[in-house]
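Let me begin by presenting the structure, written as structure tokens, before commenting on it.
The values are calculated or read from the model by the stated rules, or taken from the named source; none is laboratory data. Treat the numbers as computed from the prediction; the structure is a model and nothing was measured. Because the Cβ atoms are built from the backbone with ideal geometry, glycine has one as well, and the counts that use them run over all protein chains shown.
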Amino acid sequence: MQTSILLADDHQIVRQGLRQLLEAQPDLTVVGEAEDGYSAVDLTERLRPDIVLMDIWMPHLSGVDATRRIVRGNNPTKVLVLSMHKARCYVEQALRAGASGYLLKDLGANEIVAAIRAVRGGQCYLSPAISQQLVEAVSNPGAAEPSELLTDREREVLQNIAEGLSSKEIAGLLGVSLKTVEAHRSNLMEKLGIHKVSGLVRFAIREGLVAP
């Protein structure tokens, strides 16, 4: 059974390496590449791959939010996160968004291929190094994370604020009015109890929406 894969990573050299690795397998085919979260969602809708191999840190729309949109879409595509970060917050966010697995970028080629085949077969696949993160999360459930209070659009605005875009630039990117962006910014600050842009940036970094 042939498995079609979309590569979503903002580093071209990473995508090239993954393509070479995966296409050496007779049952795996790379059908497209995305360099930001919006492109990942758009290409998934157009190409309908079996699996999206998704990085967490993606420009404009994070890998977590792109995953959420893909999973909600009317297609059978599954998302397998491939990240350099094993912090519990990243793993939990990705799985809550609907990812079917979470891999670390320091894995060997054989494990990446095995993970893709497992997810294609309907299983959830986690790198052994991060499995303990989920055990701890189940054993010690806590209150809802602040980020869970935000709407999808507020998360988009937050990420773009943290990436240094002005309100006018964000409005153009999202296709909304400047007044709408300012309203989202105000709601963000109220929900998070943060009243400076620098605080929003630190929060976005901590949540994995942008790279530090």
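For segment 152-162, check the following and say yes or no: at least one residue is over 16 Å from the mean Cα position of the chain (by Cα), modelled with pLDDT of 90 or more and crowded, with 16+ Cβ neighbours inside 10 Å. Looking through segment 152-162, at least one residue is over 16 Å from the mean Cα position of the chain (by Cα), modelled with pLDDT of 90 or more and crowded, with 16+ Cβ neighbours inside 10 Å.
Being of a type in the set (S, T, N, Q), at pLDDT 70 or above, surrounded by fewer than 18 Cβ atoms within 10 Å (Cβ to Cβ) and not assigned by TED's automatic domain parsing to the domain that holds Arg202 holds for only one residue in Ser131, Ser127, and it is Ser131.
With respect to the conditions (1) at pLDDT below 90; (2) surrounded by 13 or more Cβ atoms within 10 Å (Cβ to Cβ); (3) in a helix (DSSP H, G or I), Val138 falls short on a single one, namely (2). Of all residues in segment 105-124 being surrounded by 14 or more Cβ atoms within 10 Å (Cβ to Cβ) and not in a helix (DSSP H, G or I), which is nearest to the chain's Cα centre (by Cα)? Per the criteria, the residue is Lys105.
Going through segment 163-212 one residue at a time, which ones are among the charged types (D, E, K, R), over 23 Å from the mean Cα position of the chain (by Cα) and assigned to a helix (DSSP H, G or I)?
We begin by selecting, within segment 163-212, every residue among the charged types (D, E, K, R); these are 163, 168-169, 179, 182, 185, 190-191, 196, 202, 206-207.
Cutting the leftovers down to over 23 Å from the mean Cα position of the chain (by Cα) gives us 168, 179, 182, 190, 196.
Across segment 163-212, the qualifying residues are Lys168, Lys179, Glu182, Glu190.
For segment 47-69, filtered to residues that are of a type in the set (A, V, I, L, M), part of a helix (DSSP H, G or I) and within 8 Å of the chain's Cα centre (by Cα), the residue that is modelled with the lowest pLDDT is Val64. Taking every residue in segment 1-23 that is over 22 Å from Ile70 (Cβ atoms) and pairing it with any residue that is in a helix (DSSP H, G or I) and of a type in the set (Phe, Trp, Tyr), at least 6 positions away or on another chain, yields no pair with a Cβ-Cβ distance below 9 Å. For segment 66-77, the set of residues classified as in contact with a helix residue (DSSP H, G or I) (Cβ under 6 Å, 6 or more places away or on another chain) and either of a type in the set (Phe, Trp, Tyr) or crowded, with 22+ Cβ neighbours inside 10 Å (or both) consists of Ala66, Ile70, listed by residue number. The set of residues in segment 16-42 being buried (at least 20 other Cβ atoms within 10 Å of the Cβ) and part of a helix (DSSP H, G or I) consists of Leu18, Leu22, Gly37, Ser39, Ala40, Val41.
Here Lys179 passes the criteria (1) surrounded by 14 or more Cβ atoms within 10 Å (Cβ to Cβ); (2) modelled with pLDDT of 90 or more except the one numbered (1).
Within segment 78-104, track down each residue that is surrounded by 15 or more Cβ atoms within 10 Å (Cβ to Cβ) and either in a loop (DSSP other than H, G, I, E, B) or of a type in the set (Val, Ile, Thr) (or both).
Val79, Val81, His85, Lys86, Val91, Ala97, Gly98, Ala99, Ser100
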